[in-house]
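Structure record follows, encoded as structure tokens.
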Amino acid sequence: MAIMSSRLIRHEICKDELKSLGARIIDIQGIMFLVKFDLNGNKITYAYHLNEDNTFFLERIKPYLLSIGNYQYEEDIVDVIKVDIEQFINAMNSSNYEQFIEIDNHLAKLVRLFEDLYLYYNIEKEDLTKLDTSVDCILDNIKEIMKRSERVYTKKDPDVLKEDIEF
């Protein structure tokens, strides 16, 4: 008879909680997990895996790739995913949702393009300054838009977006 560790039992309880939210969970050799949601045709997928130090790394891989963070406990992952799904359900009510996803995918692609640029080419300092100025302009636009836009999700504050954010 197999004996389950308390951590394994906790993890099974957390997976059951995610399933109760409508998730389909794919277990990849007990160390990596895909958590998939289909919200009225909108697919949202998360991946988390066990790190060497017994913490968990969580990322959203659909509708766009985003590293969310490291967490000590499985329950933290469930809490983060619950809020994220709630925020997406809210965002899907916007007539701008598809454009938001498209812009986010473009930004993610820019990160990859920039990485290829500096890994494959010798870039002049002036060109890097030019790119940095462009990124600062995007940040300024985001802060300006935030200030004049109505806040629609108030159950928690944004993790990164603050009025005083700087790069």
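The values are calculated or read from the model by the stated rules, or taken from the named source; none is laboratory data. Note that the structure is a prediction, hence the values are computed from the model and not measured. Here Cβ is always computed from backbone atoms with ideal geometry, including for glycine, and neighbour counts include all displayed protein chains. In case anyone asks, the SASA skips ligands and DNA or RNA and just uses the protein heavy atoms, side chains included. Shrake-Rupley method; radii C 1.70, N 1.55, O 1.52, S 1.80 Å.
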Across (1) surrounded by 11 or more Cβ atoms within 10 Å (Cβ to Cβ); (2) part of a helix (DSSP H, G or I); (3) free of Cβ contacts under 8 Å to residues at least 60 places away in the same chain; (4) not small (Gly, Ala, Ser), Glu86 clears everything bar (3)
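Which of the residues belonging to the range 61-76 are part of a strand (DSSP E or B) and touching an Asp or Glu at 6+ places or on another chain (Cβ under 7 Å)?
The initial filter retains those residues of the range 61-76 that are part of a strand (DSSP E or B), namely 61-62, 66-71.
Listed by number, the residues that qualify are Leu66, Ser67, Ile68.
Okay, residues lined up against (1) open to solvent by less than 80 Å² (accessible area, probe 1.4 Å); (2) in contact with a helix residue (DSSP H, G or I) (Cβ under 9 Å, 6 or more places away or on another chain); (3) modelled with pLDDT under 95:
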residue: Tyr97; (1), (2), (3): yes, yes, yes
residue: Leu107; (1), (2), (3): yes, yes, yes
residue: Leu117; (1), (2), (3): yes, yes, no
residue: Asn122; (1), (2), (3): no, no, no
residue: Lys125; (1), (2), (3): no, no, no
residue: Leu139; (1), (2), (3): yes, no, yes
residue: Tyr153; (1), (2), (3): yes, yes, yes
Lys130 fails exactly one of (1) within 30 Å of Arg24 (Cα to Cα); (2) part of a helix (DSSP H, G or I); (3) open to solvent by 100 Å² or more (accessible area, probe 1.4 Å); (4) of a type outside the set (Phe, Trp, Tyr), namely (1)
Residues of the range 27-56 being open to solvent by less than 50 Å² (accessible area, probe 1.4 Å), in contact with a Phe, Trp or Tyr (Cβ under 9 Å, 6 or more places away or on another chain) and not aromatic (Phe, Trp, Tyr), in sequence order, are Leu34, Val35, Leu39, Asn42, Ile44, Thr45, Ala47, Asn51, Thr55
So, first residue over 15 Å from Met32 (Cα atoms) in the range 46-68, second residue open to solvent by less than 20 Å² (accessible area, probe 1.4 Å) and not hydrophobic (A, V, I, L, M, F, W, C), Cβ within less than 7 Å, six or more apart or across chains; the pairs are Lys62/Thr45; Leu66/Arg60; Ile68/Arg60
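Do we find that Phe37 is of a type in the set (Phe, Trp, Tyr), in contact (Cβ under 8 Å) with a residue 24 or more places away in the chain and in a helix (DSSP H, G or I) in this structure?
Details: of a type in the set (Phe, Trp, Tyr): yes; in contact (Cβ under 8 Å) with a residue 24 or more places away in the chain: yes; in a helix (DSSP H, G or I): no.
Against the criterion (of a type in the set (Phe, Trp, Tyr), in contact (Cβ under 8 Å) with a residue 24 or more places away in the chain and in a helix (DSSP H, G or I)), Phe37 does not qualify.
Conditions (1) over 28 Å from Ile9 (Cβ atoms); (2) out of contact with any strand residue (DSSP E or B) (no Cβ under 6 Å at 6 or more places or on another chain); (3) of a type outside the set (Gly, Ala, Ser), marked per residue:
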residue	(1), (2), (3)
Glu52	no, yes, yes
Leu58	no, no, yes
Gln72	no, yes, yes
Asn96	yes, yes, yes
